[in-house]
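Working notes, beginning with the structure itself.
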Amino acid sequence: MLVRHDYLAHRGSEQAGVSLPGLLGLAVGFAASIAATMISRAFGAGDDPRVGLVLLTLTALMVSAVTTVPGVIGAGALCWAFYSGFVLNRTGNLTLDRGGGPVLLVIVLSATVASALAGLLHRAEVWPTEEFHGLPVLLPGGEVGLLQKWHHAEDHSWWRWSVEFSNHTGRPDDWAPRLKAPE
């Protein structure tokens, strides 16, 4: 069974990527640090602090992808505080001994570098041409269809596309999706 969908949309202004302001990034880092600390303790960070170090460093790196540099520095410092206070010392006491000092530098610097590198990545708009016809289109729900037609205004203020979908069940043996849209 083939179903044809035509979409007509008007383009709005879209910001490339996510960039949370510093304080919101700090709040996300705080919540993520709590979760990472609890997970690391559940997976044996009490016996092997490297488990907590890895999870909290990954947490700082993930937060760095969605916030500004000040937010990253704050979130990295929070990750270190949770590592020092609840993985190394278990009672919330912050300390620079037992490896806490170098860990602070590693977490904050790696998150800051990751944030700076993430800032170099940019999403590019692609306006399909005929060479894109027949390529798969992935929709947010996970459905995949084949691009059949694409039209847009010269100023990119609107676009219209046709995608062909099939459920691939009960189809004839010789059936295959059309690679070109019918004229």
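Numbers below:
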| item | result |
| --- | --- |
| Any pair with Cβ under 9 angstrom, 6 or more apart, that starts in segment 64-83 at a residue that is not assigned by TED's automatic domain parsing to the domain that holds L105 and ends at one that is surrounded by fewer than 22 Cβ atoms within 10 Å (Cβ to Cβ) | none |
| Condition met for G52 (more than 23 Å from the chain's Cα centre (by Cα), surrounded by 15 or more Cβ atoms within 10 Å (Cβ to Cβ) and assigned by TED's automatic domain parsing to the domain that holds A32) | no |
| Subset tally (residues that are assigned to a loop (DSSP other than H, G, I, E, B), more than 14 Å from A32 (Cα to Cα) and either in contact with a His (Cβ under 6 Å, 6 or more places away or on another chain) or of a type outside the set (G, A, S) (or both)) for segment 59-98 | 10 |
| Test: D174 is among the acidic types (D, E) and at pLDDT 85 or above | no |
| Matching residues in segment 30-48 - criterion: being of a type outside the set (F, W, Y), touching a residue at least 40 places away in the same chain (Cβ under 8 Å) and in a helix (DSSP H, G or I) | A32, S33, I34, A36, T37, S40, R41 |
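The values are calculated or read from the model by the stated rules, or taken from the named source; none is laboratory data. Source: prediction; values computed, not measured. Counting neighbours? That spans all protein chains shown, and the Cβs are built from the backbone with ideal geometry, glycine included.
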